[in-house]
Structure formats: structure tokens, C-alpha cells
Amino acid sequence: MSGVLAERLTTIIGGPEDDIPLTEAALLVAAHRYSDLDVRYYLDVIEDFGARAARQIGEDSAAADKVVALNHYLFDELGFAPNAQDYFDPRNSFLNEVVERRTGIPITLSLVYMAVGNHLGLALNGVCYPGHFLVKCELRDGIIVLDPFSRGQSLDICDLQRLLRETQGGEVSRAIVAACLVAASKREILLRMLRNLKMIYMRNHELDNALTIMNWIVAANPGQAAEIRDRGTVYQELECFRAAVSDFERYLELAPDCNDGDRIRERVVQLQRSVSLLN
């Protein structure tokens, strides 16, 4: 990834919420794996999807009719589809690959869905629903909750309860479901995407790539103690002992009453010995 693109993403992540260009930021995340990625090209492709949709779908149509037409356009005409067979393929989290291959996971399909739907004047918001990213659409008489991973299917309360039960177990009340349907900020959406990639890289033991993602997560949310601890653990595995000590000490400052405090303090002592041997 070029220094210019990395600096641009770091600036976006650490900047004001209103200044976050979400689609561009998602493409910049992908640029850490595609050093020659033409971000402008893919922004133009997605923009063209939206412009074509707007030409096809009547501006004066009711919002519910626009949703039906948008689903047909994206999933029938353009051929976007869920990648359930290879869900943890990192390419599902890279927006350029999602556009090229027409397949992805809930959050990346939702990003395309929202970007195109905005051209139709639809009031779409991402929802960081536990275990499954969703989109909600504001209508004149309420909201509908849509699942772009299921071809834009509208979910009712029973569907939402089932999804939540699969993630959390036990009975799920309507009040709990409603609390989970709060519109996500652009920073929250970006963080969710980054955490997905972090999980995939850690699962595949791709520590250098995981570290890149963790640096952006910490830049977006520098007070999140657990993320700093996790980054310290990766630094340790990569034998970057000074950086690991710095992160662990910062973690203990941010979370002095943490349950793993004794274990982390012991690790700091051991790492400081390793650092002294390097001097």
C-alpha cells in the first residue's frame, strides 16, 4: 500500500464523523493488499451503478417500490450474491473484489446496497446487528429492515429474533431487538469491517496483515483498551518487544481493573528482560 493511501485512510479514520467518505474508506482498506489499487476507478464504477439505477427506477416511486426495484437491479441484473461457501475469504471484505466478483459478506454487500440506494433517494442506514450486518430503510410510516446478504430480503421481528438468538442464545424480546437496530455511524461501520478483517487474519495467522488492520482500529478508537492489548500480543509474536511493552503498559493504564492485569504485568516484565538483552 502506498504511503499516500495509508496516510489518507489514517486521516479519514481519525477525523470527524461527518467527514468520513465511507465508500472511499472501504476501498482504502483494500489497498493494503492491492498496492496498485485505483480507488478512483472503483468509486466511479459504484457511482455508475447508482446513476444507472436512478435512470431505471422512477424518481417519484414510493420508497417500498424503489426497494423492490433496487433488489432486482443489484441481485438479478448486476448479479451480486452472498459468498456463503467461502465466507472467510479475505476478498469478501475488499470492496474492489466485491465489485469485480459480485459477491461478498453482509457488510460489504450492504455498502454497495447503500451506495447505490442513496442515488434513488432512499433513506438507508447500516445496522451493526450482532453477528450479521443489516440495512434499515426509513419509510413514511416506519422502517423496514433489509438483508443484502439475502438478496435484500425484508426481515420481520421473528427473523430478527432468530438472528439474535443464533448469536446470543436464549429468548430475545422485542425491546432487545429494537435496541440492536440503532443506525450505525460511518466510523462504527468502518470499525466493524476492520474487525472482520482482523479476525480473518488472526484466524489465518497472517500477523503482518493483522497488525496493519489493528493500527487503523486503534487510530479510529484510541481509547479501546482491548484493541491495544490485542495489538500488543501481535507485536510480541512478531518479536517487536518494545512496541509490545508500550501497548501492554497503555492497556493497563486504560483498564487498571482488568481481569487479565496480573498476566499482562507478568508479560511486561518478561518482555522488558528481552528488550534489555537486545541493548
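Structure summary
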| item | result |
| --- | --- |
| Count - residues of region 88-103 that are surrounded by 23 or more Cβ atoms within 10 Å (Cβ to Cβ) and hydroxyl-bearing (Ser, Thr, Tyr) | 1 |
| The listed residue being polar (S, T, N, Q), outside the structural domain of Leu9 (by TED's automatic domain parsing) and either within 25 Å of the chain's Cα centre (by Cα) or on the phi > 0 side of the Ramachandran plot (or both), out of Asn215, Asn259 | Asn215 |
| Selection count, region 195-214, where residues are part of a helix (DSSP H, G or I) and either among the acidic types (Asp, Glu) or in contact (Cβ under 8 Å) with a residue 40 or more places away in the chain (or both) | 9 |
| Scan of region 77-100 for residues that are touching a residue at least 12 places away in the same chain (Cβ under 8 Å) and closer than 16 Å to Val45 by Cβ, ordered by number | Leu78, Gly79, Phe80, Phe94, Leu95, Asn96, Glu97, Val98, Val99 |
| Residues of region 229-243 satisfying the condition of being crowded, with 19+ Cβ neighbours inside 10 Å and either of a type in the set (Phe, Trp, Tyr) or more than 26 Å from the chain's Cα centre (by Cα) (or both) | Tyr235, Phe241 |
| Subset of region 58-110 (residues that are of a type in the set (Asp, Glu) and over 28 Å from Ala31 (Cβ atoms)) | Glu59, Asp60, Asp65, Asp76, Glu77 |
| Output for region 33-61, where each listed residue is under 30 Å from Leu197 (Cβ atoms) and either assigned to a loop (DSSP other than H, G, I, E, B) or in contact with a His (Cβ under 7 Å, 6 or more places away or on another chain) (or both) | Arg33, Tyr34, Ser35, Asp36, Leu37, Asp38, Gly50, Ala51, Ala53 |
| Unmet criterion (only one of (1) in contact with a Phe, Trp or Tyr (Cβ under 9 Å, 6 or more places away or on another chain); (2) on the phi < 0 side of the Ramachandran plot) for Arg102 | (2) |
| Meets criteria (within 20 Å of Phe149 (Cβ to Cβ), surrounded by 12 or more Cβ atoms within 10 Å (Cβ to Cβ) and either free of Cβ contacts under 8 Å to residues at least 24 places away in the same chain or of a type outside the set (Val, Ile, Thr) (or both)) for Val68 | yes |
| Candidates Glu17, Glu47, Glu24, Glu77 - the one that is in contact with a Lys or Arg (Cβ under 7 Å, 6 or more places away or on another chain) and surrounded by fewer than 20 Cβ atoms within 10 Å (Cβ to Cβ) | Glu17 |
| Filter result for the condition that a residue is among the small types (Gly, Ala, Ser) and either surrounded by 16 or more Cβ atoms within 10 Å (Cβ to Cβ) or assigned by TED's automatic domain parsing to the domain that holds Ala25 (or both), over Ser246, Ser274 | Ser246 |
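The values are calculated or read from the model by the stated rules, or taken from the named source; none is laboratory data. Keep in mind the model is a prediction, meaning the values are calculated, not measured. Backbone-built Cβ (ideal geometry, glycine too); neighbour counts: all protein chains shown.
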